[in-house]
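The values are calculated or read from the model by the stated rules, or taken from the named source; none is laboratory data. This is a predicted model, so every value here is computed, not measured. Cβ coordinates were reconstructed from backbone atoms using ideal geometry, including for glycine residues, and neighbour counts include every protein chain displayed. Ligands, DNA and RNA are excluded from the accessible area calculation, which covers all protein heavy atoms including side chains. Shrake-Rupley method; radii C 1.70, N 1.55, O 1.52, S 1.80 Å.
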Amino acid sequence: MAEHAPAPVKPPFWNDPQVRAIAFQVIALVVTVAFGLYIFHNTQLNLRRLGIASGFDFLSSPSGFDIIQTLIPYSPTSNYGQVFWVALLNTLLVSALGIVLATLLGFIVGIARLSKNWLVAKLALIYIETFRNIPLLLQIFFWYFAVLRAVPAPRQSLSLGDAVFLNIRGLYMPAPQFQPGFGWVLVALAIAIGLVWWLKRWAWQRQMATGQAFPILRTSLALLLGLPLVVFWLAGSPLHWQLPELRGFNFQGGWVVIPEMASLLLALSVYTATFIAEIVRSGIQAVSHGQTEASLSLGLNSSLTLRLVVLPQALRVIIPPLTNQYLNLTKNSSLAAAIGYPDLVAAFAGTTLNQTGQAIECIAITMAVYLTISLLISLGMNWYNRRVALVER
Amino acid sequence: MSESSIAHVPHPNLPPPSNSIGAIGWVRHNLLSSPLNIALTLLAIWLLYLIIPPILRWAIIDATWSGDNREACHPGGACWVFIQVHFGQFMYGFYPDGQRWRVDLTALLLIFGAAPLFMHAVSNRLKVRLGLGLLVIYPVIAFFLLKGGSFGLPVVETSQWGGLLLTLVIAGVGMTAALPLGILLALGRRSRLPAIQTLCVTFIEFWRGVPLITVLFMSSVMLPLFLPAGMNFDKLLRALIGVTLFQSAYMAEVVRGGLQAIPKGQVEAAAALGLGYWKTMGLIVLPQALKLVIPGIVNTFIALFKDTSLVLIIGLFDLMNMVHNATTNPDWLGFSTEGYVFAAAVYWLFCFNMSHFSQKLEKRLHTGHKR
């Protein structure tokens, strides 16, 4: 054929890129859909065979078990829907506290790692290399089974000024009790925040117009602390502290941090802080030294250089991986299930699933929650990235 | 005019002041350069004083090193007898005593097979062949050795596998299976075909968005529902599937980073030479991209290795669970610290060496890609 036709030969249709593209996509879609249908079909058969009714009706039936830490009112007569909310709040609580602690520790260690002091830098390095290379679950177990089991029983509690007690049941702290007038203090705080915001704008405009700087930090601090304190005093100190008291075999009253939460929190923040420290170190090192030199030659002193030149540029590098670590910490908080802290995985995907047998629903809801959290965080991340992205010509 | 008064002999340089060089100079420069620095040094020394002596006393000076039951242990120090007695369990799990040579043989095969990969004298060609052999043939040999059932070896069920053996099996299988899957997913995510791209993005983001523990839960409670009645999977295999799918999503993101770093000119040049998609990717883009992201791949491996400890949740007896199990043994209560410190040391050794290796590799492969 070819020798009779000098005109360019049209490739056979199976070599046409467009046909191929469509064919590949159709095949991929058909395989995916078929696989999905196959699983769906099997699941239906299995559920019918096992006599499990699918659906979310189980959420309104009573749970019948108690939870050791609840942030909202809950009792064994509450339903599984409330178990979900209690568990979700526990997950969010431990994640939020863990994020704060890990960030603090991580920034301190990350800066220590860059210290000119050899001993401090090496200590930070040893901390990072030790805790980064040990599985998180092992660290949780270590704190829970080896360390916190070694603290004394309630009657021999370690105490700090008769207000804070540590024993095998947990860490007991005084709880604040707000009296009726306390609302005014909050109002004062809100007013102070508003004033600081207005002051900042005004100071900025004045500096732009006249070049005169205003001691904004000191004034704001004075406003934020002073105004609520004055109102607090005027309202007659509407705040009491409820101290934990030893009654019978255990302490009553006050705030308590249960050992499950304490060990989870410790392990999560110590482990994640090692990663944050490395992120902080590389972020600061990413700002070229010329920036510091240029800023010093413009006459800025070293603290202004750090605040106005180095940090804003370092943060641009630090924040994206940092949010990733926050996300990791939130997901890692699910290891709570191993020591019985009632988080989403332990109380909902664990106990609830075992009691009701609604495996698909429970796992799907749990996964959906984590997916939502990670989606929200990555949306926020994208927004931030757009805001701080370098604007080039 | 005398010659001697004109001749100008430069005085030799004075040596630097003795307190700015040598040990004293180093200490002054690195530890005592400013008041803040002195305070930090004192703080660090105080911290070391708080931490080091008690640990040394517990772990070495007051510790018991030999014996065969708990009565041999002195109070106050570590009781390493606990580790000594359980060492076999920690390494092999419930693998039958008489068959443990098979595990040793499997490990030796891997060590001797992989050793040439790390030697400079071996040519790259041989390394590639050896690597491929290890990837393809070794798993088959290892499976038959460990599981048995042929060549006259008695069968050892996977439920008897445990300890470090199981940890290494999960990590090894996860690594070798997640890498190719991850590469395919990364290629799919960068594909111009919308359907393929959407499928890959959904897959990757789904697995990256959920914690591994829910994946393991899913593989243990939901997988049996997905399969036709009567078809039953081994518990280990279910965990392996979960770990592999989870880790392949992370691997895909690492590989994607490398793909994005390759200039478009490379693909265009390959197209101009008449290479198709798979040849372009396999011969031009992937070799460069994978080389760029080797450190990232090793980091994913490290994460996977640490994550293997999570199989404890679904009742597999890996190193972590064997140690935990031994600490709850009524005959040996109260030695959880020793157990966890031992397990931590084992995990640490593996992870630290991997990360060290990746740093060295990064330096060696840094052949001027980054401008």
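Annotations
- Of the helices (runs of 4 or more DSSP H) contained entirely in segment B:150-246, those carrying at least 2 residues that are under 30 Å from B:MET281 (Cα atoms), within 13 Å of chain A (Cβ to nearest Cβ) and polar (S, T, N, Q) fall at B:194-209.
- Residue check for B:ALA270: within 14 Å of another protein chain (Cβ to nearest Cβ), modelled with pLDDT of 90 or more and out of contact with any Lys or Arg (no Cβ under 7 Å at 6 or more places or on another chain): no
- The sole residue among A:THR366, A:THR305 that is within 17 Å of B:MET218 (Cβ to Cβ) and polar (S, T, N, Q) is A:THR366.
- When restricted to residues that are open to solvent by 60 Å² or more (accessible area, probe 1.4 Å) and small (Gly, Ala, Ser), segment B:129-183 contains 2.
- For segment B:327-342, filtered to residues that are outside any loop (DSSP other than H, G, I, E, B) and among the β-branched types (Val, Ile, Thr), the residue that is surrounded by the most Cβ atoms within 10 Å (Cβ to Cβ) is B:THR327.
- The residues of segment A:113-126 that are open to solvent by less than 20 Å² (accessible area, probe 1.4 Å) and under 25 Å from the mean Cα position of the chain (by Cα) amount to a single one, A:ALA124.
- Tabulated pairs, segment B:28-43, first closer than 17 Å to A:ALA124 by Cα, second open to solvent by 50 Å² or more (accessible area, probe 1.4 Å) and at pLDDT 90 or above, C-beta under 8 angstrom, 6+ apart or interchain: none
- Check on A:GLY380, over 27 Å from B:LYS306 (Cβ atoms), in contact (Cβ under 8 Å) with a residue 40 or more places away in the chain, more than 11 Å from every other protein chain (Cβ to nearest Cβ) and of a type in the set (Gly, Ala, Ser): yes
- Among residues that are in a helix (DSSP H, G or I) and of a type outside the set (D, E, K, R), B:LEU316 is not included.
- Test result for A:TYR80, closer than 25 Å to B:VAL221 by Cα and either open to solvent by less than 30 Å² (accessible area, probe 1.4 Å) or of a type in the set (Ser, Thr, Tyr) (or both): yes
- If you go through segment A:127-165 and keep only what is more than 10 Å from every other protein chain (Cβ to nearest Cβ), closer than 25 Å to B:ALA344 by Cα and open to solvent by 40 Å² or more (accessible area, probe 1.4 Å), you end up with just A:TYR127.
- Just so you know, in segment A:95-119 the residues that are of a type in the set (A, V, I, L, M) and within 13 Å of chain B (Cβ to nearest Cβ) include one that is nearest to A:VAL280 (Cα to Cα), and it is A:ILE111.
- Note on segment A:283-393: enclosed helices (runs of 4 or more DSSP H) holding 3 or more residues that are within 28 Å of A:GLY110 (Cβ to Cβ) and open to solvent by 50 Å² or more (accessible area, probe 1.4 Å) are A:289-297, A:311-332, A:359-388.
- Residues that are open to solvent by 20 Å² or more (accessible area, probe 1.4 Å), assigned to a helix (DSSP H, G or I) and away from chain B (no Cβ under 14 Å) are absent from segment A:236-258.
- With respect to being under 17 Å from the mean Cα position of the chain (by Cα), under 30 Å from A:ARG49 (Cβ atoms), open to solvent by 10 Å² or more (accessible area, probe 1.4 Å) and in contact (Cβ under 8 Å) with a residue 24 or more places away in the chain, B:LEU240 fits the description.
- Selection count where residues are farther than 30 Å from A:LEU171 by Cβ and more than 14 Å from chain B (Cβ to nearest Cβ), scope segment A:54-79: 9
- Among (1) more than 30 Å from B:MET231 (Cβ to Cβ); (2) among the aliphatic types (A, V, I, L, M); (3) in contact (Cβ under 8 Å) with a residue 24 or more places away in the chain - the single one A:VAL19 does not satisfy: (3)
- Of everything in segment B:343-371 that is facing chain A (nearest Cβ under 8 Å) and either closer than 14 Å to A:ALA146 by Cβ or modelled with pLDDT under 85 (or both), the residue that is most open to solvent (accessible area, probe 1.4 Å) is B:ALA344.
- Residues of segment B:111-133 satisfying the condition of being part of a helix (DSSP H, G or I) and β-branched (Val, Ile, Thr): B:ILE111, B:VAL128
- For segment B:300-342, filtering for residues that are closer than 18 Å to B:PHE217 by Cα and more than 9 Å from chain A (Cβ to nearest Cβ) leaves 8.
- Answer from A:LEU71, A:LEU93, A:LEU97, A:LEU88 - the residue that is exposed (fewer than 15 other Cβ atoms within 10 Å of the Cβ) and either outside any helix (DSSP H, G or I) or under 19 Å from the mean Cα position of the chain (by Cα) (or both): A:LEU71
- Close contacts from segment B:349-362, counting a first residue that is more than 12 Å from B:PRO295 (Cβ to Cβ) and a second that is outside any helix (DSSP H, G or I), with Cβ to Cβ under 8 Å and a gap of 6+ residues or different chains, come to B:CYS351/A:ASN133; B:CYS351/A:ILE134; B:PHE352/A:ASN133.
- Subset of segment B:273-314 (residues that are small (Gly, Ala, Ser) and either surrounded by fewer than 17 Cβ atoms within 10 Å (Cβ to Cβ) or modelled with pLDDT under 90 (or both)): B:GLY274, B:GLY276, B:GLY282, B:ALA289, B:GLY296, B:ALA303
- Search result, residues across segment A:8-47 that are open to solvent by 100 Å² or more (accessible area, probe 1.4 Å) and within 40 Å of the chain's Cα centre (by Cα): A:PHE35, A:LEU37, A:TYR38, A:PHE40, A:HIS41
- Residues of segment A:51-60 that are in contact (Cβ under 8 Å) with a residue 60 or more places away in the chain and exposed (fewer than 13 other Cβ atoms within 10 Å of the Cβ): A:GLY55, A:PHE56.
- Number of the condition not met by A:LEU138 [criteria: (1) in the same structural domain as A:TYR326 (by TED's automatic domain parsing); (2) in contact (Cβ under 8 Å) with a residue 40 or more places away in the chain; (3) part of a helix (DSSP H, G or I)]: (2)
- Apart from one condition, A:LEU266 fits all of (1) open to solvent by 30 Å² or more (accessible area, probe 1.4 Å); (2) at pLDDT below 85; (3) under 22 Å from A:TYR341 (Cβ atoms); the exception is (2).
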